[in-house]
2 protein chains.
Amino acid sequence: MSEISNPRIVLVEPQMGENIGAAARGMWNFGLEDMAVVAPRDGWPSDPAIAMAAGATHVLENARLCDTTREAVADCTHVYATTARPRGMTKRVVTPRQAAMEMRERAAQGERVAILFGRERSGLGTEDIILSNTIITAPVNPAFASLNLAQCVLLVGYEWLLAADETPAVAYDPGKGGMADREQIEGLLDFVEGELDETGFFFPEAKAPTMKAALRNLYHRAPLTAADVGILWGVMRALVGKRRSARDR
Amino acid sequence: MSEISNPRIVLVEPQMGENIGAAARGMWNFGLEDMAVVAPRDGWPSDPAIAMAAGATHVLENARLCDTTREAVADCTHVYATTARPRGMTKRVVTPRQAAMEMRERAAQGERVAILFGRERSGLGTEDIILSNTIITAPVNPAFASLNLAQCVLLVGYEWLLAADETPAVAYDPGKGGMADREQIEGLLDFVEGELDETGFFFPEAKAPTMKAALRNLYHRAPLTAADVGILWGVMRALVGKRRSARDR
């Protein structure tokens, strides 16, 4: 994985330094480091960007400053444009997830991939989209589709990492070790049921079987670890002891 | 989809109003509206939150202000805790994607789901995690794992929307309509090849078949629409005309 080149994140005419810094953070959160900044409105380097990037300042320090998008992608073989509005372009439109999988494949074959992100309000210009091979459109709430620049970078970075991530969907499940076996739970239930019987808890007698079944179901349904059963033994013994000493007083 | 209740986003002791506002934006970007704020450090309502939430202020206006996490999830049947460090808890740990799928299933069965997000620096406390059924941990770059509060909300919201999103991975492919058929391209190539033959382009003659094959491969490899072929006819005719008129001068 260290041999393939990670995609270049190209911020086209970004306005707020804070957003550039937040984008750098979002990139590094998901292992991306290659940033190009095209004609940033407020100049370069940007103090607000550096302040916001805390922990990912090396992304800014190593960023390419370019005059044009063409310059920023000059050495790239495949360019993605992030935009919500394909504006009648006859280009493939893919989800971030699909794009991430394709980018991984391209990178593995030695291709250099760039992803363009437009300025805060207006997004990418037509000329930037023309320069691109493929369009990325993230599914959003149609009633509120405006994704912040840094958020958009974050989602693409997240999908890039996930496309090669091997974390199982269920990373840890206590059910996969340490769980109480049926006999441990039955042993506890026998004790509790016996003690309850003594107190006359299962009354009236006609309902006793139903009540006992409900009690046993409750414990067998719970995902109890062996340690949990130990805790419950302690709890039950303490309560029984309290009752007994109260009775004996 | 409108009948199921969307998960509640619970911000536990958030510090910066800006982050609460950004979280509200991220929620509404993905259709989430039910926010609870537990003991916000700088009071409530928060002007910085409102300023940052532009376009999603209704999320803040309708947010529940609570004193404790317990109060914020009182009516919920399943609580997720977002945290990077399960700290030896014997609870299921799932990815945001897995959590989103489970939450959709729970919501469809009428369950009320909440997701806890911790304060900016320190995250969720042990007592909040104890109150939860399941832990959500997002895969991140282990070298830079600190996700901003609003970014974390964004990722969970994104996965929530995606879990019910039906956008195809390839939402639009010009290959699925409007593409040039082989005969259109062959027709253009016959014209171009004939014109080039006249100029003596295919030289030396021994190499002509290879050169012609390379030219044809180039055009057949390109994903050309029928309109593209029309454009290329125009371009070729114009260039031929220019050459002819130059020759005739």
When you look at the Cβ of every residue in A:162-171, what mean number of other chain Cβ atoms sits within 10 Å? 5
Listing A:Ser146, A:Ser132 from the residue with the fewest other Cβ atoms within 10 Å to the one with the most, what is the order? A:Ser146, A:Ser132
Return A:Leu218, A:Leu162, B:Leu147, B:Leu154 ranked ascending by Cβ neighbour count within 10 Å, so the fewest neighbours appear first. A:Leu218, A:Leu162, B:Leu147, B:Leu154
Relative contact order (percent, whole number), chain B, Cα cutoff 8 Å, 6+ residue spacing: 20 percent
Restricting to the protein assembly as shown, compute how many DSSP beta bridges are antiparallel as a %, nearest 5. 15 percent
Specify the residue with the greatest mean-square fluctuation among A:Arg104, A:Arg112, A:Arg92, computed from a Gaussian network of chain A linking alpha-carbon atoms under 10 Å apart. A:Arg92
Antiparallel bridges, percent of DSSP beta bridges restricted to the stretch A:8-162 (to nearest 5): 5 percent
Sorting B:Gly194, B:Thr95, B:Met236 by the position of each Cα along the dipole of chain B (Lys, Arg +1; Asp, Glu -1; all at Cβ), the one nearest the positive end of that ordering is B:Gly194
Most mobile listed residue (A:Ala238, A:Ala74, A:Ala49) in chain A, GNM with C-alpha springs under 10 Å: A:Ala238
Label distances, nm, B:Phe203 versus same residue in remaining copies, Cβ-directed 7 Å point: 11.6
So what is Rg over Rh here for the protein assembly as shown, counting just Cα atoms and using Kirkwood for Rh? 1.14
Could you tell me the calculated FRET efficiency between B:Phe144 and A:Leu239, based on Cβ-Cβ distance and R0 = 51 angstrom, to the nearest 0.05? 0.55
Under a Gaussian network model of chain B whose springs join Cα atoms within less than 10 Å, the largest fluctuation of B:Tyr158, B:Tyr219, B:Tyr80 belongs to B:Tyr219
For labels at A:Asp165 and A:Glu195 in the simple 7 Å Cα→Cβ model, what's the distance in nm? 4.5 nm
How large is the dipole of chain B about the Cα centre if only Lys and Arg carry +1 and Asp and Glu carry -1, each at its Cβ, rounded to the nearest 20 debye? 780 debye
For the protein assembly as shown, with only Lys/Arg (+1) and Asp/Glu (-1) charged at the beta-carbon, what is the dipole magnitude about the Cα centre, in debye rounded to 20? 80 debye
Just to be sure I understand: of the beta bridges DSSP finds with both ends in the stretch B:57-143, what percent are antiparallel, rounded to 5? 10 percent
FRET E, pair A:Thr68, B:His220, Förster distance 35 Å, beta-carbon r, rounded to 0.05: 0.60
Just to confirm the numbers: B:Gly241, label point 7 angstrom along the Cα-Cβ line, distances to the other copies in nm, shortest first? 10.3
Using the 10 angstrom Cβ neighbour count as an exposure proxy, how do B:Asp197, B:Asp67, B:Asp34 rank, fewest first? B:Asp67, B:Asp197, B:Asp34
The FRET efficiency for B:Arg182 and A:Ala51, from their Cβ-Cβ distance with R0 = 56 Å and rounded to 0.05, is 0.45
For A:Leu218, place a label point 7 Å out from Cα along the Cα→Cβ vector, do the same in each other copy, and report the separations in nm, one decimal, smallest first. 8.1
Under-5 Å amide H pairs with A:Arg92, H placed in peptide plane, nonlocal only: A:Ile135
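Read the figures in this text as sums done on the coordinates, not as results from a lab. On a predicted model such as this, the values are computed, not experimentally measured, just so you know. Counting neighbours? That spans all protein chains shown, and the Cβs are built from the backbone with ideal geometry, glycine included.
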